[in-house]
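Accompanying notes for the structure given below.
The values are calculated or read from the model by the stated rules, or taken from the named source; none is laboratory data. All of these numbers come straight from a predicted model, not from anything done at the bench. In this analysis, Cβ positions are derived from the backbone assuming ideal geometry, glycine residues included, and neighbour counts consider all displayed protein chains.
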Amino acid sequence: GRMTMTRPRVHVALMGIEKLVPRLTDLAVFLKLLARSSTGQPLTTYTTLITGPRRPGEADGPEHLHVVILDNGRSPLLGGEFALHLGAEAEVIAADGAIRVRAGDAEATVDAVLAALGRRPNLAGLGLESLGVALDARGMPPVDPNTLQIAGLPLFLAGDANGERALLHEAADEGHIAGLNAARVANGEKPACYARRTPLAIVFS
């Protein structure tokens, strides 16, 4: 990415309003949020900062910098009320080239619908029914959330398979904890509870 910003004489950047940071001290939040949300890393591998056109005495950089901020309706959403309808089953109906969404007494006609449906635990082909323990309605065996052990057996369930937290950095911690406890059980020791990183909660809307 560095060559595309330093070699051209004119640099035009198109971005959303969330990419604009007022102060360098505010950057710390974004550095942690991006890496942990997408790759599970404590910190991203590299970060590119655009601070303006080339200044006198600088060896590279564009002579002119133009930043185009794509709002796309974000500002009104941030500055107003956001309707949230809970506890009602949503009904989606095609209506004259648009989409009608109905939930309880609320109804709206829109151009597109973004559906955040969550994820089911990936249990296919694991043969959990042969463990000899009771499975719940989703086919999930009892799993200790602290040790990730299945019902006192020398088996551990981590990551997307256990349906606890479908986040990459959480799955990485779970895999680490499950591996350590599997080694403890193999050595005749009891599973232990290990510290996790600060939990991250994300609301999709």
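For Ala186, the criteria (1) modelled with pLDDT under 90; (2) surrounded by fewer than 17 Cβ atoms within 10 Å (Cβ to Cβ) hold in every case but one, which is (1).
For Leu131, the requirement of being surrounded by 10 or more Cβ atoms within 10 Å (Cβ to Cβ) and either among the hydroxyl-bearing types (Ser, Thr, Tyr) or in contact with a helix residue (DSSP H, G or I) (Cβ under 9 Å, 6 or more places away or on another chain) (or both) is not met.
Identification of strands (runs of 3 or more DSSP E) wholly contained in segment 47-155 with 2 or more residues that are among the basic types (Lys, Arg) and touching a strand residue (DSSP E or B) at 6+ places or on another chain (Cβ under 9 Å) yields 98-103. For segment 38-65, the set of residues classified as without any contact (Cβ under 8 Å) to a residue 40 or more places away in the chain, out of contact with any Leu (no Cβ under 8 Å at 6 or more places or on another chain) and among the small types (Gly, Ala, Ser) consists of Gly57, Ala59, listed by residue number.
Can you tell me which residues in segment 134-156 are surrounded by 18 or more Cβ atoms within 10 Å (Cβ to Cβ), touching a residue at least 24 places away in the same chain (Cβ under 8 Å) and of a type outside the set (A, V, I, L, M, F, W, C)? Across segment 134-156, the qualifying residues are Thr147, Gln149.
Of the residues that make up segment 157-168, is at least one in contact (Cβ under 8 Å) with a residue 40 or more places away in the chain, closer than 20 Å to Glu189 by Cβ and assigned to a loop (DSSP other than H, G, I, E, B)? No; the residues of segment 157-168 include none that is in contact (Cβ under 8 Å) with a residue 40 or more places away in the chain, closer than 20 Å to Glu189 by Cβ and assigned to a loop (DSSP other than H, G, I, E, B). Across segment 66-115, the number of residues qualifying as surrounded by 10 or more Cβ atoms within 10 Å (Cβ to Cβ), of a type in the set (A, V, I, L, M, F, W, C) and touching a residue at least 40 places away in the same chain (Cβ under 8 Å) comes to 3.
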